[in-house]
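Chemist: Just dropping this structure here.
The values are calculated or read from the model by the stated rules, or taken from the named source; none is laboratory data. Being a predicted model, the structure only gives us computed values, none of them experimental. We place every Cβ from the backbone using ideal geometry, glycine too, and count neighbours over all the protein chains shown. Note: areas computed on protein heavy atoms with side chains; ligands, DNA, RNA excluded. Shrake-Rupley method; radii C 1.70, N 1.55, O 1.52, S 1.80 Å.
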Amino acid sequence: GPGSGWPLAGTVLVAVAASLAAGGEDCLWHLDRNGSWHPGFDCDFLSFCCGTCHQRVCCRDPLRLITERQQRHCLAF
């Protein structure tokens, strides 16, 4: 029925988040909105880099994840 794909989507999201956490998606260096430089840092096991191009923290919420590839993309623009 309608919405039957959502449990699968949630399972896939959790699997992707787990693989990323295991793969160590760390926070790379970045510039905040004021242009101040912030050094990169590693996230603890089972957590990963979350946030935006301008603000980053470690978290366990896959919906807030920012991959290292996305972070590098931030630097290009």
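Chemist: Which pairs have Cβ atoms under 8 Å, sit 6 or more apart or on different chains, and link a residue in the range 64-76 that is hydroxyl-bearing (Ser, Thr, Tyr) to one that is open to solvent by less than 80 Å² (accessible area, probe 1.4 Å)?
Modeler: From residues that are hydroxyl-bearing (Ser, Thr, Tyr), the pairs are Thr67/Leu20; Thr67/Glu25; Thr67/Cys49.
Chemist: Go over the candidates Leu75, Leu46 one by one and state the one that is touching a His at 6+ places or on another chain (Cβ under 8 Å) and at pLDDT below 90.
Modeler: Leu75
Chemist: As an exercise: evaluate Gly40 against (1) open to solvent by 60 Å² or more (accessible area, probe 1.4 Å); (2) more than 10 Å from the chain's Cα centre (by Cα) and give the number of the one condition it does not meet.
Modeler: (1)
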